[in-house]
1. Given the alpha-carbon gyration tensor of the chain, what are the semi-axes of its equivalent ellipsoid in whole angstrom, ordered largest first, with each equal to the square root of 5 times an eigenvalue?
2. How large are Rg and Dmax for the range 37-76 when calculated on the C-alpha trace, in angstrom?
3. Mean separation of Cα pairs under 8 Å and 6+ residues apart, divided by the residue count of the chain: what relative contact order is that in percent?
4. Using the crude model of +1 on Lys and Arg Cβ and -1 on Asp and Glu Cβ, and no other charge, please compute the dipole size for the chain relative to its Cα centre, in debye to 20.
5. What residues have an amide H closer than 5 Å to that of Thr5, excluding those fewer than 5 places away on the same chain, when H is modeled at 1.01 Å from N in the peptide plane?
6. Rounded to the nearest 0.05, what FRET efficiency do Ala35 and Gln66 give with R0 = 30 Å and r taken as the Cβ-Cβ distance? Could you check?
7. Give the peptides 13-21, 49-57 in descending order of average Cβ contacts within 10 Å, highest first.
8. Ignoring everything except DSSP H segments at least 4 long, calculate the 222 nm mean residue ellipticity for the chain; use -39,500 (n - 2.57) per segment, divide by total residues, nearest 500.
Amino acid sequence: MITVTSVEAQSRFGELIDRSQREPVEVTRRGRVVAYVISSHDMQELVDMRKRREEAARWYANYRRQIAAQPVGETLTDADVDALVHELR
């Protein structure tokens, strides 16, 4: 990833857009990152990932509600836990 100042980005915007098709470009102002210029393909990947993350969070919240609504069964004893652990080994 290349880094350019905001002044360079203004003066070489066309080059900046071309470069962003190959890799993200970091834009700084006063030594701090203020923006990124990325290709439309990279942006679409970010949008898709955000949608998948939101869907996963909704699914998990729904799952947790379903689990919480189920009646609690009998409590496991220490012996039950030991037996389960030994089964997995």
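1. 52, 17, 13
2. 17.7, 56
3. Numbers: 57 pairs, mean separation 16.7, N = 89.
Relative contact order, the chain: 19 percent.
4. Working: 14 positive and 15 negative charges, 128 e Å.
Charge dipole of the chain: 620 debye, to the nearest 20.
5. Thr28
6. Values: r = 42 Å, r/R0 = 1.40.
After rounding, the FRET efficiency stands at 0.10.
7. Values: 13-21: 13.2, 49-57: 10.0.
Going by the mean number of other Cβ atoms within 10 Å, highest first, we get 13-21, 49-57.
8. Details: 4 runs with 55 residues, N = 89.
So the helix-based figure for the chain works out to -20000 deg cm²/dmol.
Values in this text are rule-based calculations from the coordinates and carry no lab data. Since the model is a prediction, treat every value here as computed from it, not as a measurement. Please note: Cβ atoms are built from the backbone with ideal geometry, for glycine as well, and neighbour counts cover all protein chains shown.
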